[in-house]
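Trainee: Pasting in a structure now, in structure tokens, and then I'll have a few things to ask.
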Amino acid sequence: MDPASIAIGIAAVVGVSLLTSARILLEYERGVVFRLGKLTRAKGPGLVFLVPWGVERMKKMDLRIVALDIAPQDTITKDNVSVRVNAVVYFRVADPTTAVIEIEDYYFATSQLAQTTLRSVIGQSELDELLAERERINESVRQIIDEGTDRWGIEVTAVEVKDIDLPQEMKRAMAKQAEAERERRAKVINALGEYQASAKLAAAAEIIQEFPVAMQLRFLQTVTEIAAENNSTTLFPIPMDLFKPFLEPGKPASKEARARAAQVAAETLVEALPNSTDSGQLQSVAKKLIGLAGADGDNDEVTEKVSEKLPAEPDDAE
């Protein structure tokens, strides 16, 4: 054969071998290489060359996080309540070599382990814990699954319980319980408000007792608030104290007041009547005007003060 033809044939074989042995792995991919069926190592990312003609074979592994949806699981809680729970598991391949050689299908195995673990944890928890402590339930399920998949080279990053479906009878019972609890809180708050209001009213009553006029001011303020509505008829009671001066007779005047009135009356009579008027008649008229005529005892002092203002009586000798 022509040496040139041989060279061309060799070059063609080498070229085809290079093309068939070249592999390109993405950043999130790794290639587990087997040489004649024996594990060598994981390669990638980037351009990877394998020994051609089937000497080396490679299995790609995706290192990205996978969201695994767990089908709804029917289980019974610790307090014998039937519930239906579903969740989602987030995991990734941490060791591609172990994930290839230790388990046939890591995705299916992780799914089954997650289902059984979820049912087991729910069965060990009461309904109230399941509803109120969901984060603790999630963390407990995650730890159990992660421990089971660690020997497979799988890392579980998170587990989230999505929905907890309760029977209709349990939902109605829980609704009644919540309603009763709300009513209890409302009654307690109302009683506390009444207690605080009674304390304030007692303090206000003490102040009003000390200052009675405050009751009148409060009464007028209430009337003003009622009168703001034009569609109401207001009955305005008037205190009877205002009518006491008209209903009850007045107290008798004191001696000083009567004396002063007598002096004023005498001065008025002296100035009004002629000087020729008899002083005895003036005294008699003054006494009658101030109600002193016929009085006895206490009116002597008043009579003396009146007499001082009247002219002296004429002497009979003259």
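Trainee: Of the numbered conditions (1) in a strand (DSSP E or B); (2) at pLDDT below 90; (3) within 59 Å of the chain's Cα centre (by Cα), R41 satisfies every one except a single condition; which is it?
Mentor: With (1) in a strand (DSSP E or B); (2) at pLDDT below 90; (3) within 59 Å of the chain's Cα centre (by Cα) applied to R41, the lone miss is (3).
To keep it simple, each residue is scored yes or no on (1) farther than 30 Å from V161 by Cα; (2) surrounded by 16 or more Cβ atoms within 10 Å (Cβ to Cβ); (3) outside the structural domain of R142 (by TED's automatic domain parsing).
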{"residue": "V14", "(1), (2), (3)": "yes, no, yes"}
{"residue": "A22", "(1), (2), (3)": "yes, no, yes"}
{"residue": "E29", "(1), (2), (3)": "no, yes, yes"}
{"residue": "V32", "(1), (2), (3)": "yes, yes, yes"}
{"residue": "G37", "(1), (2), (3)": "yes, no, yes"}
{"residue": "R41", "(1), (2), (3)": "yes, no, yes"}
{"residue": "L47", "(1), (2), (3)": "yes, no, yes"}
{"residue": "A71", "(1), (2), (3)": "no, no, no"}
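Trainee: Another one. Of the numbered conditions (1) in the same structural domain as Q124 (by TED's automatic domain parsing); (2) in contact with a helix residue (DSSP H, G or I) (Cβ under 6 Å, 6 or more places away or on another chain), I208 satisfies every one except a single condition; which is it?
Mentor: (1) is the only condition that I208 fails.
Trainee: Taking K78 as the residue in question, decide whether it is modelled with pLDDT under 95, assigned to a strand (DSSP E or B) and farther than 24 Å from A158 by Cβ.
Mentor: Values: modelled with pLDDT under 95: yes; assigned to a strand (DSSP E or B): no; farther than 24 Å from A158 by Cβ: yes.
No: the conditions fail for K78.
Trainee: Determine which member of the set A180, A191 is of a type in the set (G, A, S) and within 30 Å of E135 (Cα to Cα). Give the derivation first.
Mentor: Details: A191 fails: within 30 Å of E135 (Cα to Cα).
Unique residue meeting the criteria: A180.
Trainee: Out of everything in the range 85-137 that is in contact with a Ser or Thr (Cβ under 8 Å, 6 or more places away or on another chain) and in a strand (DSSP E or B), what residue ends up being farthest from L63 (Cα to Cα)?
Mentor: Across the range 85-137, the extreme among qualifying residues is V85.
Trainee: Also, quick follow-up: Take residues that are at pLDDT 70 or above and under 45 Å from the mean Cα position of the chain (by Cα) and tell me which of the helices (runs of 4 or more DSSP H) falling wholly in the range 153-267 contain 1 or more. Step through it out loud before you land on a result.
Mentor: Details: elements: 168-210, 213-227, 244-247.
Per the criteria, 168-210, 213-227.
Trainee: Going through R142, R92, R84, R134 one at a time, which residue ends up being out of contact with any helix residue (DSSP H, G or I) (no Cβ under 6 Å at 6 or more places or on another chain) and buried (at least 19 other Cβ atoms within 10 Å of the Cβ)?
Mentor: The conditions single out R142.
The values are calculated or read from the model by the stated rules, or taken from the named source; none is laboratory data. The model shown is predicted, which means the values in this text are computed figures rather than measured ones. Because the Cβ atoms are built from the backbone with ideal geometry, glycine has one as well, and the counts that use them run over all protein chains shown.
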